[in-house]
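The values are calculated or read from the model by the stated rules, or taken from the named source; none is laboratory data. Note that the coordinates shown come from a computational prediction; the quantities given were computed from them, not determined experimentally. Note that each Cβ is placed from the backbone with ideal geometry, even for glycine, and that neighbours are counted across all protein chains shown. The area values use the complete protein model at the heavy-atom level, side chains included, leaving out ligands, DNA and RNA. Shrake-Rupley method; radii C 1.70, N 1.55, O 1.52, S 1.80 Å.
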Amino acid sequence: AEHGLAAWVHGMRTQAWTEDGKSLYFLRFREGFTSLARFDLQEQTLHEVQGELRNYTDLTQIASAPQGKLALIASSSTTPARILSISGSGQVHIHRRSIQEEIQDSYLSCPELLSWPIKTHLSVGVCHGLYYPPSNPEYESRQPPPTIIKIHGGPTSQYRAGYSVETQFFTSRGFAVLELNYRGSSGYGRSYAAALKENWGIVDVEDTRSAVDYLLSQGLANDQQLVVMGGSAGGYTVLLSLIAYPGLFRAGICRYGVSNLFSLTEDTHKFEQHYLDGLVGKLPEHAERYRHRSPLFSAEQIEDPLAVFQGEEDQVVPRSQSDELVESLAKRGIPHLYQIYTGEGHGWRKSETIEDYYEKVEQFLRQYVV
């Protein structure tokens, strides 16, 4: 198991001492699933917390309190996030629910852990993902379903088996979704995460292709209805995948994706200012590498329909990154959708934006994929 997370956002907590300081609670991450454990320092023993908590597959923001209680945020693939407290005896109390839990279980999909071998010019190993089949009592098909390959951001983040509104939105409409944890993702050990060092834009793209090949070989996807989708760093991989494998995907969906690595080093916020030194290499000595891996400089190779969504006030990946990319698509007459959301930054906050985004994505997929 892995017991820490990549520190690419502030305020992440994965452990908490008991009030008496004699035991340490901590989260354990295994292949996208999370559990809670307690280590007794006096007895030198490890205890997996059982009981009701085992119904939840994603746990975050652990915090201890007096009287031996523990609080955290918990969810599962079919249970939206809740704030829970756990007593010393393991009893769970629900304090708050993040959303109204009104969707019937028959419309919610549960993930299947997938792993497949990969062999590239860089290495031989295994890649991982969480596969969600379509889930809708009215859905029937004798053919493999249209499939969305989702690429996470970070890029050193990971998909975990928690509740994903976005994934359930698609599976309830007849799509299968693979949440890809390419090499370089957290949650699978240090060597797996280190595979992205100076290889961002290479191994993530190779693993996107390997995921498609594996799904097709297992009869889990339809080769005429494949979609690649991601935001931020995930959007970057979307763009490079469309460039590297024209015609493989029927369409791409890119949210505030990185298109110019040079601009990213100059414009991004202070916290991630030198992030690319490790992911790509230092400038100016690796300038050619930056150019080669920047989607903008190969945008003329994008042939497939592409939907681009951008926040007007994004300070992480500024709007200029999307503007320049879309300009190339427009000049060449490539089918595309470009939607800019006023008052939004690096991700959607307004309910009207979220509603409009999903409506436009669904329309786009109906037009070009299904």
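Observations on the model:
- Wholly within segment 69-144, strands (runs of 3 or more DSSP E) carrying at least 2 residues that are in contact with a helix residue (DSSP H, G or I) (Cβ under 9 Å, 6 or more places away or on another chain) and within 22 Å of TYR159 (Cα to Cα): 70-76, 79-86, 112-119, 124-132
- Among the residues of segment 255-268, some residue qualifies, meaning at least one is of a type in the set (Val, Ile, Thr), open to solvent by 30 Å² or more (accessible area, probe 1.4 Å) and closer than 24 Å to ALA6 by Cα.
- Selection of segment 1-59 for residues being aliphatic (A, V, I, L, M) and out of contact with any strand residue (DSSP E or B) (no Cβ under 9 Å at 6 or more places or on another chain) yields ALA6, ALA7, VAL9.
Per-residue answers, yes or no, for (1) part of a loop (DSSP other than H, G, I, E, B); (2) touching a Phe, Trp or Tyr at 6+ places or on another chain (Cβ under 6 Å); (3) free of Cβ contacts under 8 Å to residues at least 40 places away in the same chain; (4) of a type in the set (A, V, I, L, M):
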site	(1), (2), (3), (4)
VAL177	no, yes, no, yes
ASN199	yes, no, no, no
ASP207	no, yes, no, no
ALA211	no, no, no, yes
LEU215	no, no, no, yes
VAL228	no, yes, no, yes
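Here's the yes/no breakdown for (1) assigned to a loop (DSSP other than H, G, I, E, B); (2) within 22 Å of the chain's Cα centre (by Cα); (3) at pLDDT 95 or above:
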position: GLU303; (1), (2), (3): yes, no, yes
position: PHE309; (1), (2), (3): no, yes, yes
position: ASP323; (1), (2), (3): no, no, yes
position: LYS331; (1), (2), (3): no, no, yes
position: ILE334; (1), (2), (3): yes, no, yes
position: GLU352; (1), (2), (3): no, no, yes
position: ASP356; (1), (2), (3): no, yes, yes
position: LEU365; (1), (2), (3): no, yes, yes
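- Hits in segment 89-122 (condition: out of contact with any strand residue (DSSP E or B) (no Cβ under 8 Å at 6 or more places or on another chain) and surrounded by 13 or more Cβ atoms within 10 Å (Cβ to Cβ)): GLY90, ILE103, TYR107, LEU108, THR120, LEU122
- Residue that is least open to solvent (accessible area, probe 1.4 Å), among those in segment 30-51 that are aliphatic (A, V, I, L, M) and not in a strand (DSSP E or B): VAL49
- So GLY234, is it surrounded by 24 or more Cβ atoms within 10 Å (Cβ to Cβ), at pLDDT 95 or above and on the phi > 0 side of the Ramachandran plot: no
- Hits in segment 241-254 (condition: touching a Pro at 6+ places or on another chain (Cβ under 9 Å), buried (at least 24 other Cβ atoms within 10 Å of the Cβ) and part of a helix (DSSP H, G or I)): LEU242
- Within segment 287-299, residues that are free of Cβ contacts under 8 Å to residues at least 60 places away in the same chain have Cβ atoms under 6 Å from residues that are part of a helix (DSSP H, G or I) and of a type in the set (D, E, K, R) in these pairs: LEU296/GLU324; PHE297/ARG291, counting only partners at least 6 apart in sequence or on another chain.
- Whether a residue is assigned to a strand (DSSP E or B), touching a strand residue (DSSP E or B) at 6+ places or on another chain (Cβ under 7 Å), modelled with pLDDT of 95 or more and open to solvent by less than 20 Å² (accessible area, probe 1.4 Å) was assessed, and GLN339 does not pass this test.
- Across segment 146-163, the qualifying residues are those that are at pLDDT 95 or above and of a type in the set (Ser, Thr, Tyr), and the one among them that is farthest from CYS254 (Cα to Cα) is TYR163.
- The residue that is most open to solvent (accessible area, probe 1.4 Å), counting only those in segment 146-167 that are part of a loop (DSSP other than H, G, I, E, B) and either more than 21 Å from TRP116 (Cα to Cα) or free of Cβ contacts under 8 Å to residues at least 12 places away in the same chain (or both), is TYR163.
- Selected residue (criterion: nearest to LEU5 (Cα to Cα)) from residues of segment 15-29 that are without any contact (Cβ under 8 Å) to a residue 24 or more places away in the chain and either open to solvent by less than 90 Å² (accessible area, probe 1.4 Å) or assigned to a strand (DSSP E or B) (or both): LEU24
- Condition check for PHE170 on (1) open to solvent by less than 10 Å² (accessible area, probe 1.4 Å); (2) touching a His at 6+ places or on another chain (Cβ under 8 Å): one failure, at (2).
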